[in-house]
1. Output the number of residues of the stretch 48-72 satisfying the condition of being surrounded by fewer than 17 Cβ atoms within 10 Å (Cβ to Cβ) and either touching a residue at least 24 places away in the same chain (Cβ under 8 Å) or closer than 18 Å to residue 101 by Cβ (or both).
2. Output the qualifying pairs, or none if there are none: Cβ atoms under 9 angstrom, residues six or more apart or on different chains, first residue in the stretch 94-118 and outside any loop (DSSP other than H, G, I, E, B), second residue surrounded by 11 or more Cβ atoms within 10 Å (Cβ to Cβ) and modelled with pLDDT under 70.
3. Can you pull out the residues in the stretch 77-117 that are more than 24 Å from residue 55 (Cα to Cα) and either modelled with pLDDT of 75 or more or surrounded by 14 or more Cβ atoms within 10 Å (Cβ to Cβ) (or both)?
4. Which residue is modelled with the highest pLDDT, if the candidates are limited to the stretch 31-64 and must be touching a helix residue (DSSP H, G or I) at 6+ places or on another chain (Cβ under 7 Å) and part of a strand (DSSP E or B)?
């Protein structure tokens, strides 16, 4: 009798585990896959926080913001990230990833100066250059968000067009018989 109860409990546990993935969208599965990859690249994978996540299986990319801990154990603040790679269309997860770009820390803008020594001007110019380098580094991140959002809008539009065509076909089928 005890063995029968154990078998029944095992069957219930297995059926619950198998059903865990049901009800989630392909985007949610892809985002979870990206979160695991990004978290594993940090100092403390279990303390990583994510927000503003978007993904596209067709584009093979996920974008979002990540907050992780530094070597001292303190959070560094949310930074944009982008992950691209090859997506397994059956499991809706990344098979392999190609690029992981996390925004660098934004440098402070140098204070404006009117009359200064040569060294102060050089520090000012270096600060401006660092800011331009930062903007160049984060451009692909904003492009990622734009691309994913555009692809989602196109997919929604295709779905709406398909629904309209289905209604027209149903109407035509009803009038032709």
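1. Selection size over the stretch 48-72: 8.
2. Listed pairs, sorted by first residue: 101/137; 101/138.
3. Result: 106, 107, 110, 117.
4. Here the answer is 50.
The values are calculated or read from the model by the stated rules, or taken from the named source; none is laboratory data. On a predicted model such as this, the values are computed, not experimentally measured, just so you know. No Cβ is skipped: glycine too gets one built from the backbone with ideal geometry, and neighbour counts run over all protein chains shown.
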